[in-house]
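Written out below as structure tokens is the structure these notes cover.
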Amino acid sequence: ELGVERRFVPESCPREVRPGDFVRYHYLGAFPDGTRFDSSYDRGSTFNVFVGKGQLIAGMDKALVGMCVNERRFVKIPPKLAYGSEGVPGVIPPNAVLHFDVLLIDLWNSEDEVQVQTYFKPEKCPRTVQVSDFVRYHYNGTFLDGTLFDSSHNRMRTYDTYVGIGWLIPGMDQGLLGMCVGEKRIITIPPFLAYGEEGDGKEIPGQASLVFDVVLLDLHNPKDGIVIENQLVPESCERRSQTGDFLRYHYNGTLLDGTLFDSSYSRNHTYDTYVGKGYVIAGMDEGLLGVCTGEKRRIIIPPHLGYGEEGRGNIPGSAVLVFDIHVVDFHNPSDSVSITVNYKPSNCTVLSKKGDYLKYHYNASLLDGTLLDSTHSLGKTYNIVLGSGQVVVGMDMGLQDMCVGERRTVVIPPHLGYGEDGVEGEVPGSAVLVFDIELLELVSGLPEGYMFVWNGEVSPNLFEEIDQNHDGEVLLEEFSEYIKAQVDSGKGKLAPGFDFEMIVKNMFTNQDRDGNGKVTAEEFKLKDQEAKEEHDEL
């Protein structure tokens, strides 16, 4: 009788050999005394055959039925189920009992299809693999018995390919369809949908079933455009970005599987760039159009609008990129100062002009509301001479034509503010500034070009009055004492907001035409006299 001893049965046995199946197995063939007459191991190749189709001796045809892959059986076959009374000349004597130690390696049927077992699927699956999509995935490739023949993990590089257009074996083309990014599945492929009778000529033998443990990392189609997902849009959005605008934004950049490849937050510095001018990848150029200050959006960029097949740095080739951005501010180089009057007193007749001395309070912030500075917190006003270069150009513009008690918001683009460099530790480079201003005091300045004016008639003997010791020369000390006396008595007025000694020294230097530290009567001239002489010369 046929004897079958199951020496090892694996815990998992999803499938057993049935008549008509094709099997690959190793064996040792011996006689009852232990003499070996054949071995597949010696040949370095499994024995490959259909079961139950008369291609085996009858005993082996029966002994293989019900086996699992990786199962080991010891089989005793009597002569009537082996080679009978004739034997095999030179190998098997007549009426020989045969012993076989069999290990089943592989099992499939010609009616098999690709088997897909998903063991992890993300909760969100906005898109699945379709024919002509391009995918990036990792895999471990094994035979049915678990022997590893290839792994993308070992190469530390994904396998990147189109699906459904013949770049893959047919079984993998089928097995990848319908997958989500992040999904993990086991794809079992019969040989006629893999490498067939010949194998691949290297690691994969002929007639081998293949098992791929796959995780999908990336997915796109060459026809894809960018995808924009709005996450936060401010209720008030007076302006949206356009081509040519300059943006400052923060971002986190990830791959589709969530792997972080870059972040402006980690550098504690916004990314600053023009939009629509080719300064950034094409997908980002497009994705940054139409944003509001303060807006948060997700921009998904296919590789042909990102870094292409080559990738860049730690961004792999053919990778879909996901940018979560937060727009901090934007402006256009053609922008001027924007002034919004929030309150104006009913009696508003005296308006600020160049040369006026102003005292005002302000709160300074960025467009996103980040507070930079405030005079209120210092408990004192900010005092300047308007148009004298004591503040940024945009503030000089924003304070023009303002009356005492007026409150206004002044928005200053960076080219009229602190420019590309900003102020280290205080104002970021290329930042739009917002000032909420209240003018508290205005002292009218002098006509342009004047540092001192007379409130009445000018003495015809002015030089003699200044030259107190009547030596025909006026020193800086004499000049300074005289000007101070005129101001104190109300006969003269200095330009407000400047240091007295600086003004007087400047006036004296203008009169000391030969630069010897003394002013003579010939050198001394009033401003209207200077203008007349220059006009006459012209």
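Here is how the numbers come out for the structure above:
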quantity: Filter result (open to solvent by 10 Å² or more (accessible area, probe 1.4 Å) and either within 21 Å of Pro303 (Cα to Cα) or among the charged types (D, E, K, R) (or both)) within the stretch 143-167; calculated: Asp145, Asp150, Arg155, Met156, Arg157, Thr158, Tyr159, Asp160, Tyr162, Gly164, Ile165, Trp167
quantity: Looking only at the stretch 270-294, and only at residues there that are touching a residue at least 60 places away in the same chain (Cβ under 8 Å) and of a type outside the set (Val, Ile, Thr), the one that is least open to solvent (accessible area, probe 1.4 Å); calculated: Gly287
quantity: Strands (runs of 3 or more DSSP E) (entirely within the stretch 262-353) containing at least 1 residues that are within 15 Å of the chain's Cα centre (by Cα) and of a type in the set (Lys, Arg); calculated: 296-301
quantity: Contacts under 7 angstrom Cβ, first residue in the stretch 240-254 being not assigned by the TED database to the domain that holds Gly429, partner surrounded by fewer than 21 Cβ atoms within 10 Å (Cβ to Cβ) and aromatic (Phe, Trp, Tyr), 6 or more apart; calculated: Gly244/Tyr274; Phe246/Tyr274; Tyr249/Tyr271; His250/Tyr265; Tyr251/Tyr271; Asn252/Tyr265; Gly253/Phe261; Thr254/Phe261
quantity: Matching residues in the stretch 176-217 - criterion: being buried (at least 23 other Cβ atoms within 10 Å of the Cβ), touching a helix residue (DSSP H, G or I) at 6+ places or on another chain (Cβ under 9 Å) and farther than 18 Å from Asp145 by Cα; calculated: Leu216
quantity: Test: residue in the stretch 412-422 that is part of a loop (DSSP other than H, G, I, E, B) and among the β-branched types (Val, Ile, Thr); calculated: no
quantity: Residues satisfying the stated conditions in the stretch 239-261, i.e. part of a loop (DSSP other than H, G, I, E, B) and open to solvent by 30 Å² or more (accessible area, probe 1.4 Å); calculated: Arg239, Arg240, Gln242, Thr243, Leu256, Asp257, Gly258, Thr259
quantity: Set Glu286, Glu238, Glu310: member being farther than 29 Å from Tyr159 by Cβ and at pLDDT below 95; calculated: Glu238
quantity: Residue under evaluation Pro170, criteria (1) in contact with a helix residue (DSSP H, G or I) (Cβ under 6 Å, 6 or more places away or on another chain); (2) in the same structural domain as Arg312 (by the TED database), criterion not met; calculated: (2)
quantity: Enumeration of residues in the stretch 396-415 that are surrounded by fewer than 21 Cβ atoms within 10 Å (Cβ to Cβ) and touching a Gly at 6+ places or on another chain (Cβ under 6 Å); calculated: Asp396
quantity: Considering residues of the stretch 89-148 that are in contact with a Leu (Cβ under 9 Å, 6 or more places away or on another chain) and of a type in the set (Phe, Trp, Tyr) only, the residue farthest from Leu256 (Cα to Cα); calculated: Phe100
quantity: Selection status of Val434, farther than 30 Å from Ala485 by Cβ, buried (at least 16 other Cβ atoms within 10 Å of the Cβ), touching a helix residue (DSSP H, G or I) at 6+ places or on another chain (Cβ under 9 Å) and aliphatic (A, V, I, L, M); calculated: no
quantity: The stretch 295-316 residues that are touching a residue at least 60 places away in the same chain (Cβ under 8 Å), paired with ones that are open to solvent by less than 20 Å² (accessible area, probe 1.4 Å) and assigned to a loop (DSSP other than H, G, I, E, B) (beta carbon under 6 Å, 6 or more apart); calculated: Pro302/Val320; Pro303/Ser318; Pro303/Ala319
quantity: Every residue from the stretch 484-506 that is farther than 19 Å from Lys359 by Cβ, within 60 Å of the chain's Cα centre (by Cα) and open to solvent by 30 Å² or more (accessible area, probe 1.4 Å); calculated: Glu501, Met502, Lys505, Asn506
quantity: Check on Glu457, in contact (Cβ under 8 Å) with a residue 60 or more places away in the chain and not in a helix (DSSP H, G or I); calculated: no
quantity: Output for the stretch 218-238, where each listed residue is closer than 21 Å to Val131 by Cβ, touching a helix residue (DSSP H, G or I) at 6+ places or on another chain (Cβ under 7 Å) and outside any strand (DSSP E or B); calculated: Pro222
quantity: Verdict on Lys344 being over 26 Å from Met451 (Cβ atoms), out of contact with any Phe, Trp or Tyr (no Cβ under 9 Å at 6 or more places or on another chain), among the basic types (Lys, Arg) and open to solvent by 20 Å² or more (accessible area, probe 1.4 Å); calculated: yes
quantity: Odd one out for Leu372, checked against (1) touching a residue at least 40 places away in the same chain (Cβ under 8 Å); (2) closer than 18 Å to Glu448 by Cα; (3) open to solvent by 30 Å² or more (accessible area, probe 1.4 Å); (4) aliphatic (A, V, I, L, M); calculated: (2)
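To keep it simple, each residue is scored yes or no on (1) closer than 18 Å to Asn455 by Cα; (2) assigned to a loop (DSSP other than H, G, I, E, B); (3) modelled with pLDDT of 85 or more.
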position: Tyr482; (1), (2), (3): yes, no, no
position: Phe498; (1), (2), (3): no, yes, no
position: Lys505; (1), (2), (3): no, no, yes
position: Thr509; (1), (2), (3): no, no, yes
position: Arg513; (1), (2), (3): no, yes, yes
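Results for (1) in a strand (DSSP E or B); (2) hydrophobic (A, V, I, L, M, F, W, C); (3) farther than 30 Å from Thr273 by Cβ; (4) touching a strand residue (DSSP E or B) at 6+ places or on another chain (Cβ under 8 Å), shown as yes or no for each residue.
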| residue | (1), (2), (3), (4) |
| --- | --- |
| Ser365 | yes, no, no, yes |
| Ser388 | no, no, yes, no |
| Val404 | no, yes, yes, yes |
| Val410 | yes, yes, no, yes |
| Gly429 | no, no, no, yes |
| Asp436 | yes, no, no, yes |
| Leu442 | yes, yes, yes, yes |
| Leu446 | no, yes, yes, yes |
| Tyr450 | no, no, yes, no |
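The values are calculated or read from the model by the stated rules, or taken from the named source; none is laboratory data. Fair warning: this is a prediction, and the values are worked out from it, not measured in the lab. We place every Cβ from the backbone using ideal geometry, glycine too, and count neighbours over all the protein chains shown. Calculation scope for accessible area: heavy atoms of the full protein, side chains included, ligands and nucleic acids excluded. Shrake-Rupley method; radii C 1.70, N 1.55, O 1.52, S 1.80 Å.
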